[in-house]
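The values are calculated or read from the model by the stated rules, or taken from the named source; none is laboratory data. On a predicted model such as this, the values are computed, not experimentally measured, just so you know. Here Cβ is always computed from backbone atoms with ideal geometry, including for glycine, and neighbour counts include all displayed protein chains. Accessible surface areas use protein heavy atoms only, side chains included; no ligands, DNA or RNA. Shrake-Rupley method; radii C 1.70, N 1.55, O 1.52, S 1.80 Å.
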Amino acid sequence: AETRWKASNIDDPITDWDEDIIGRTAVVELLSEHALRMRTPIVALKGGLGDGKSSVLNLLKKAVVGKAIVISFSAWLPGSEVTLATDLFNDIATECRRHLYVPQLRRRALAYARLVSGSVSYLQGLKELLPAQSQREEVQELRDTLARVPIPIVVLVDEIDRMQKEELLVLLKILRGAFSIPNVTFVCAFCDEEIKRELSRDAALSPDYLEKFFPVSVNLSAPDADMLGRVFQTGLKQAFI
């Protein structure tokens, strides 16, 4: 039978270590340290568009699976600020349930998601993203519930730099509350310049304040141009084999 040639996109994120020609081991190990040993609540994985942030998240998942509950979440897909919060916390509850039963987790997670997304529409700026007194009970209930999970929970959030301003505000409010939630690490991959550009569309928002939400950052260097050329040539050869 005749075999038809199929195009392969070498720009697609890699999913396994044997595809890691560029060498991302050091970055993945550092992120693993933050998630498993230091239990850092929020870590920013910063890099330019096309620098391989999604690939690093895929490899990080490989590195920590079995030692943590891992949730992979694309922030670009939901389509609205309400859906984003609900989908994110629903995914966290669902993945935890696959490993063990935690009473009230889904109910409390979704209640917190609705509270966060509903309150963002009243915000005038990033300074108001601190949880109000009325929200602290919801945060505390979710905190107490997640504290019962005996292993780390690692949430890998990708495509943040494709979000609209309203969705970004929801995510930032979620992350602000995450500082008080034990056992959970959010690893957020994005291009810093793209997020600041989106926030700058609103004069009331200060892009410089973004740093307060991501006190720990891991910078992903752009791949070497010569190495990219060799990877491209290797991809072409494999496509025609």
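Examine the range 158-179 for a residue that is assigned to a loop (DSSP other than H, G, I, E, B), of a type outside the set (Phe, Trp, Tyr), crowded, with 19+ Cβ neighbours inside 10 Å and modelled with pLDDT of 85 or more, and state whether such a residue exists. Taking every residue of the range 158-179 in turn, at least one turns out to be assigned to a loop (DSSP other than H, G, I, E, B), of a type outside the set (Phe, Trp, Tyr), crowded, with 19+ Cβ neighbours inside 10 Å and modelled with pLDDT of 85 or more. Screening the range 201-218 for residues that are surrounded by 11 or more Cβ atoms within 10 Å (Cβ to Cβ), farther than 18 Å from Val170 by Cβ and of a type outside the set (A, V, I, L, M) and picking the one that is modelled with the lowest pLDDT gives Glu211.
Quick check on the range 31-44. Is at least one of its residues at pLDDT below 90 and open to solvent by 10 Å² or more (accessible area, probe 1.4 Å)? Scanning the range 31-44 turns up no residue that is at pLDDT below 90 and open to solvent by 10 Å² or more (accessible area, probe 1.4 Å). In the condition set (1) within 21 Å of Glu167 (Cα to Cα); (2) among the charged types (D, E, K, R); (3) open to solvent by 40 Å² or more (accessible area, probe 1.4 Å), Arg97 is compliant with all but (1).
When the criteria are applied in full, Ser221 meets the requirement of being open to solvent by 60 Å² or more (accessible area, probe 1.4 Å), out of contact with any helix residue (DSSP H, G or I) (no Cβ under 6 Å at 6 or more places or on another chain) and at pLDDT 75 or above.
For the structure I just gave you, tell me whether Ile92 is closer than 20 Å to Tyr112 by Cα, touching a residue at least 24 places away in the same chain (Cβ under 8 Å), in contact with a helix residue (DSSP H, G or I) (Cβ under 8 Å, 6 or more places away or on another chain) and part of a helix (DSSP H, G or I).
yes
Among the residues of the range 137-148, is there at least one that is under 17 Å from Cys188 (Cβ atoms), surrounded by 14 or more Cβ atoms within 10 Å (Cβ to Cβ) and at pLDDT below 85? Looking for residues that are under 17 Å from Cys188 (Cβ atoms), surrounded by 14 or more Cβ atoms within 10 Å (Cβ to Cβ) and at pLDDT below 85, one finds none in the range 137-148, hence no. Taking every residue in the range 98-124 that is modelled with pLDDT of 85 or more and pairing it with any residue that is part of a loop (DSSP other than H, G, I, E, B) and open to solvent by less than 10 Å² (accessible area, probe 1.4 Å), at least 6 positions away or on another chain, the pairs with Cβ-Cβ distances below 9 Å are His99/Val149; Leu100/Val149; Val102/Val149; Leu105/Val149.
So that you can scan it fast, the table gives a plain yes or no per residue for (1) touching a residue at least 60 places away in the same chain (Cβ under 8 Å); (2) within 17 Å of Val82 (Cα to Cα); (3) out of contact with any Leu (no Cβ under 8 Å at 6 or more places or on another chain):
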{"position": "Ile153", "(1), (2), (3)": "yes, no, no"}
{"position": "Leu156", "(1), (2), (3)": "yes, no, no"}
{"position": "Leu169", "(1), (2), (3)": "yes, yes, no"}
{"position": "Leu175", "(1), (2), (3)": "yes, yes, yes"}
{"position": "Lys196", "(1), (2), (3)": "no, no, no"}
